[in-house]
1. Collect the residues in the stretch 253-266 that are near the ligand (Cβ under 7 Å from one of its atoms) and not in a loop (DSSP other than H, G, I, E, B), keeping them in residue-number order.
2. Can you name the residue in the stretch 253-286 that is without any contact (Cβ under 8 Å) to a residue 60 or more places away in the chain and surrounded by fewer than 17 Cβ atoms within 10 Å (Cβ to Cβ) and, of all such residues, is nearest to S170 (Cα to Cα)?
3. For L31, which of the numbered conditions (1) surrounded by 20 or more Cβ atoms within 10 Å (Cβ to Cβ); (2) in a helix (DSSP H, G or I); (3) of a type outside the set (K, R) fails to hold?
4. Just give me the residues in the stretch 236-251 being surrounded by fewer than 14 Cβ atoms within 10 Å (Cβ to Cβ), within 16 Å of the ligand (Cβ to nearest atom) and without any contact (Cβ under 8 Å) to a residue 40 or more places away in the chain, in sequence order.
5. Considering every residue within the stretch 6-18, establish whether at least one is over 25 Å from T269 (Cβ atoms), within 16 Å of the ligand (Cβ to nearest atom) and hydroxyl-bearing (S, T, Y).
6. Any chance the stretch 370-379 includes a residue that's surrounded by fewer than 24 Cβ atoms within 10 Å (Cβ to Cβ) and under 22 Å from V15 (Cβ atoms)?
7. I'd like to check something: does the stretch 45-54 contain any residue that is surrounded by fewer than 16 Cβ atoms within 10 Å (Cβ to Cβ) and in a helix (DSSP H, G or I)?
8. Residues in the stretch 96-154 that are over 24 Å from Y52 (Cα atoms), surrounded by fewer than 23 Cβ atoms within 10 Å (Cβ to Cβ) and touching a Phe, Trp or Tyr at 6+ places or on another chain (Cβ under 7 Å): how many?
Amino acid sequence: MTTSSASRAGLEGVVATSSAICYIDGARGVLAYAGHDIHDLAREAGFEEVCYLLWHRRLPSRAELGALKSDLAAARRLPEAMLRLMRSLPVGHPMDALRTLASALAHSDPEADDRSPAAAFRKAVRLTAQVGSVVATWGRLNAGGGVIEPDPALDHAANFLLLLTGERPSAPAARALDVALVLHADHELNASTFAARVTAATLSDIHSAAVAGIGALKGPLHGGANAEVMRMLLAMGRDADDARIDRVVRDMLARKVKVPGFGHRVYRTEDPRATHLRRMSKEIGERSGDTRWYDMSRRIEALMKAETKIDANVDFYSASTYYMLGIPIELFTPVFAVSRIAGWTAHVLEQYADNRLIRPRAEYIGPEHPQAFTPLDRR
Ligand SMILES: CC(C)(COP(=O)(O)OP(=O)(O)OC[C@H]1O[C@@H](n2cnc3c(N)ncnc32)[C@H](O)[C@@H]1OP(=O)(O)O)[C@@H](O)C(=O)NCCC(=O)NCCS
């Protein structure tokens, strides 16, 4: 057995599969979905277009995009059984609720047992539509509101905000979330996508793979970081002066505590997604006449750069962006899943299309073999 790569901590730098979905050049800060640069997509494309791109590896025609939007709209309304289940769950972390509810979606899926590629694709579309509705409706119920009907005339991001707040969002707010969904939709073999692919490679179903992805995303080293960023900003206090901000960050660094929203396994320069989220955080702040969270974020970013040379990642400015969009902090990580479900399902479909069980080896470092066996009554 070869141990050189198997024993590499965190599988850093290990190429574990081939994929035609997402390209990252960490040294140059390049991210592209099926060859399309993330900067073009963030400026020009909407989330549904990106879903099509990830699933089909090409941009849709107007008719193809219209058909996908109709399919998503048709699947967005949650079955009554899901709403009942949602109401019966004890209050807890929304990622726990999402994990349970995404699993429960399989029970009401008409093609749950159909393993054909065509059915798997239709399930990918339904899951993408429904995960948005689940997260928004969960957020609304927990805030004491009633269930809102999706509006087929609105796109995915606008529907999310409608279902969450009960109000039709402004065009800038809907577009801001739309861009955030575009930016989060896929990121090659990140931890949650790897978990989803490993699950799919056993030929388990797409709902199980999505649940595996959700479980992996929850952790603070992955999708949980965006909520941690906002908690850090709030703990500093919106009235914090620069000296206090610097003190808090320096103290974290001195205690070897990771500052949330910084660092990346792959990027060695600015995460190209952070470029857009920084701009959006600034724009939303300026529009509302309150750039405090953006200004504080800039200060933290400058200090981190000066002290550690570590760049902000996708989670850093998504925190203030979501907060200013009125999204509750507990929903930040679930919102990541609302977008990443597109990438997870694209990877699962790719895995199914050319599958081999993913089963690596471990370098054994335990007690020497063989150990003498002492019967229980003599131990
Ligand atoms: C993303 C992350 C998990 C990558 O982890 P990794 O590739 O295993 O990198 P490491 O944790 O080994 O970090 C490498 C070095 O940078 C430092 N570093 C990395 N991220 C840091 C952060 N956010 N704050 C302070 N120092 C950091 C580490 O302390 C380490 O320094 P050392 O070599 O002196 O020990 C890590 O950067 C992190 O925990 N970031 C904060 C959480 C976060 O924002 N996650 C979202 C990622 S999109």
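1. L253, F262
2. Across the stretch 253-286, the extreme among qualifying residues is E286.
3. So the condition that L31 fails would be (2).
4. R247, D251
5. Yes, some residue in the stretch 6-18 is over 25 Å from T269 (Cβ atoms), within 16 Å of the ligand (Cβ to nearest atom) and hydroxyl-bearing (S, T, Y).
6. No, every residue in the stretch 370-379 fails to be surrounded by fewer than 24 Cβ atoms within 10 Å (Cβ to Cβ) and under 22 Å from V15 (Cβ atoms).
7. No: zero hits.
8. 0
Quick note: the coordinates plus some simple rules give every number you see, no bench work behind them. Please read all numbers here as calculations on a predicted model, not as lab measurements. Cβ sites come from the backbone with ideal geometry, for glycine too, and all protein chains shown count toward neighbours.
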